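The values are calculated or read from the model by the stated rules, or taken from the named source; none is laboratory data. Computed from a prediction, not measured in an experiment: that's the story for all the values here. Counting neighbours? That spans all protein chains shown, and the Cβs are built from the backbone with ideal geometry, glycine included.
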Amino acid sequence: MKPTAAMEDYLEALLTLEQKNIEPRVKNLAEELGIKPPSVIDMLKSLSEKKYVTRSTRTSIELTEDGRRIGEKIQRRHIFIQKFFTDVLGMNEALANEDACKVEHCLSTSTCNRFIEYTQYITEKQKTPTSWLQDRS
């Protein structure tokens, strides 16, 4: 079963904590997500049941292989969507980040891959938006 958008947010946040070298504990995860610890505890139960995380002690949280894969996928989507919003559309970073959080969950893999290709093309080759379609032919 596919994880919910909320589950994906938690997996992405756990990955982010890990990358910042912050211990993945309930308190730290709650701070990262801007929510209360009891909400984190409830979601961790669901994530554990789906085998996306393990809890070796009362406080320690670890991503499983599946949880890490999903977290990395969502994080990659977020980065490229935010980059598209800031670099291509010229949006301010805060709004681009907020909107990327919303959009990252609802795009199909195919659409997201096109976003990534397009963003890479525009930013790396500094081409016009219409030349991307012409060059793909």
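Assessment of the range 81-96 against the conditions (within 19 Å of residue 31 (Cα to Cα) and not aromatic (Phe, Trp, Tyr)) yields at least one matching residue.
Does the range 39-50 include one or more residues that are of a type in the set (Val, Ile, Thr), touching an Asp or Glu at 6+ places or on another chain (Cβ under 8 Å) and without any contact (Cβ under 8 Å) to a residue 60 or more places away in the chain? Checking the range 39-50: not a single residue is of a type in the set (Val, Ile, Thr), touching an Asp or Glu at 6+ places or on another chain (Cβ under 8 Å) and without any contact (Cβ under 8 Å) to a residue 60 or more places away in the chain.
Screening residue 62 with (1) modelled with pLDDT under 95; (2) within 30 Å of residue 125 (Cα to Cα); (3) surrounded by 13 or more Cβ atoms within 10 Å (Cβ to Cβ) gives one miss only, at (2). On the stretch given as the range 86-105, residues that are in a helix (DSSP H, G or I), without any contact (Cβ under 8 Å) to a residue 60 or more places away in the chain and not small (Gly, Ala, Ser) total 10. Taken over the range 8-23, the residue count meeting the criterion of being buried (at least 21 other Cβ atoms within 10 Å of the Cβ) and closer than 15 Å to residue 54 by Cβ is 3. The helices (runs of 4 or more DSSP H) located wholly in the range 1-85 that include 1 or more residues which are out of contact with any His (no Cβ under 6 Å at 6 or more places or on another chain) and under 14 Å from residue 105 (Cα atoms) occupy 5-19, 65-83. Scanning the range 65-94 for residues that are hydrophobic (A, V, I, L, M, F, W, C) and loosely packed, with under 13 Cβ neighbours inside 10 Å yields 89, 94.
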